Amino acid sequence: MVRTTAGSFRNTQWDPILLISQIVAMQTLLYTSLGMIMFFMDLIAGANHTLDHIFEYHEIHVFDLGGRLVICAFVLNSFGGALALWFIVRRTKLCLDFTCTFHLIHLVICWWYNSAFPTSFSWWLLNTVCGVLMCICGEFMCLKTEMREIPVGYSALNQRADL
């Protein structure tokens, strides 16, 4: 089933395999990059390397260096998430969907990991800020890519070949 929306040059097609693959790729890349960033942050703080820094919502605080580095790691990872959106999703319209999907899955994992629903204001604030950063930066990069001039005609192809 292929649908074309009015005023759109792209065909939209329901492809659940592609969608699930993109979600898995986004989750994998974001947790891998967060783990690597957190590893270096733990080295700086002299802390033990545990999953608590990623999934334990009580680790997000500003009281000591370790908590501030956890916050920095999540913020840096949101920029990595924007790059992942640009690289994997490549559609401005889908950036918000994939950002919300990642953070919803993260909420469920944190809920399971802690055996309690996250009630910390700092956890919700950090995830909201990171989601907004990831979405806006991802949309910006995808929009710049989508708005690039599309070469039309023979002369445009020759100019491209000369470069």
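Assorted remarks:
- In Å², nearest 10: area of Phe117 left accessible to a 1.4 Å probe: 80
- The angle between the Cα long axis of helix 16-45 and the longest principal axis of the Cα atoms of the chain comes to about 40 degrees, rounded to the nearest 10.
- Computed from Cα atoms, the angle from the helix 95-114 axis to the main principal axis of the chain rounds to 20 degrees.
- Per-peptide average of other Cβ atoms within 10 Å, ordering 17-27, 75-85 highest first: 75-85, 17-27
- Taken as Cα centroids, segment 89-115 and segment 19-52 sit 14 Å apart, rounded to the nearest whole angstrom.
- The charge dipole of the chain, taken about its Cα centre with unit charges on the Cβ of Lys, Arg, Asp and Glu (plus for the first two, minus for the last two), comes to roughly 640 debye.
- Ellipsoid equivalent to segment 16-148 - semi-axes via the Cα gyration tensor, in Å: 26, 16, 13
- Inter-label distance for Ile17 and Thr32, nm, one decimal - labels placed 7 Å from Cα along Cα-to-Cβ: 2.2
- Protein heavy-atom surface of segment 16-148, 1.4 angstrom probe: 76% of the accessible area is carbon and sulfur, with nucleic acids and ligands not counted.
- The relative contact order of the chain comes to 24 percent, based on Cα pairs under 8 Å that sit 6 or more residues apart.
- Seen against the Cα atoms of the chain and their longest principal axis, helix 65-84 is set at about 10 degrees.
- Here the Karplus relation 6.51 cos²θ - 1.76 cosθ + 1.60, evaluated at θ = phi - 60°, turns the backbone of segment 137-146 into coupling constants of 5, x, 4, 4, 5, 5, 5, 4, 5, 5 Hz, with x for every Gly and Pro.
- Looking at the chain, the accessible area is 65 square angstrom per residue; that uses a 1.4 Å probe and ignores ligands, DNA and RNA.
- Residue-wise HN-Hα coupling along segment 121-131, computed from phi with Karplus coefficients 6.51, -1.76, 1.60 (Hz; x: Gly, Pro): 4, 5, 5, 5, 5, 4, 5, 5, 4, 5, x
- With DNA, RNA and ligands ignored, accessible area of Thr32 (1.4 Å probe; Å², nearest 10): 70
The values are calculated or read from the model by the stated rules, or taken from the named source; none is laboratory data. Just so we're clear, the structure is a prediction, and the values are computed from it rather than from any experiment. Please note: Cβ atoms are built from the backbone with ideal geometry, for glycine as well, and neighbour counts cover all protein chains shown. These accessible areas exclude ligands, DNA and RNA; they are computed on the full protein's heavy atoms, side chains included. Shrake-Rupley method; radii C 1.70, N 1.55, O 1.52, S 1.80 Å.
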